[in-house]
Amino acid sequence: MHRAPDPVVGPALLAHGHADYRLHLLGGYAIASFDYLGSDLDADRARLRALPELADWMARTKACQAPLSEAPNAPVWSPLQQIYPLQRER
């Protein structure tokens with residue numbers, strides 16, 4: 001499903017502050033990371049979830065999102081702390 005997402009997904013993510021979105025497969029887990037260029041990630045994620053053109057995609061991918069912890073109210077998405085940035089010059 002994620003190898004060929006709906007064509008509205010990429011532009012919607014970019015329009016809501018998500019850049020350089022990366023999705024990796026590790027065994028049975030899909031691990032996403034992205035650079036966020038906006039100022040309020042929670043608000044931008046809420047706006048994305050509210051877009052009618054993404055409703056079908058969000059419904060289909062909901063089963064793909066589960067917290068890594070079994071603790072009550074564990075978040076599905078967690079910020080990553082970058083500890084080694086190596087980037088080639090562009």
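Would you please name the GluC sites (Glu not before Pro) within the chain that are DSSP coil residues with at most 14 other C-beta atoms within 10 Å of their C-beta?
Passing sites in the chain are Glu70, Glu89.
Okay, helix-only estimate at 222 nm for the chain: each DSSP H run of n ≥ 4 adds -39500 (n - 2.57), divide by all residues, round to 500 deg cm²/dmol; what do you get?
-7000 deg cm²/dmol
In whole Å, what are the extents of region 1-52 along the principal axes defined by its C-alpha atoms, from largest to smallest?
Over region 1-52, Cα extents along the principal axes are 32, 22, 16 Å.
Calculate, in nm to one decimal, what Asp35 and Ala15 gain on full extension: separation in residues at 0.36 nm each, minus their alpha carbon distance.
5.9 nm
I'd like the trypsin sites (Lys or Arg not before Pro) in region 1-87 restricted to DSSP loop residues with at most 10 other Cβ atoms within 10 Å, sorted by number.
Arg3
For the chain, what Kirkwood radius comes out of the mean inverse Cα-Cα distance, in Å?
Details: mean 1/r = 0.0673 Å⁻¹.
About 14.8 Å, per the Kirkwood formula over Cα pairs.
A short reminder: the numbers here are calculations on the coordinates, not readings from a lab. Bear in mind the structure is a predicted one, so any value in this text is a computation, not a measurement. In this analysis, Cβ positions are derived from the backbone assuming ideal geometry, glycine residues included, and neighbour counts consider all displayed protein chains.
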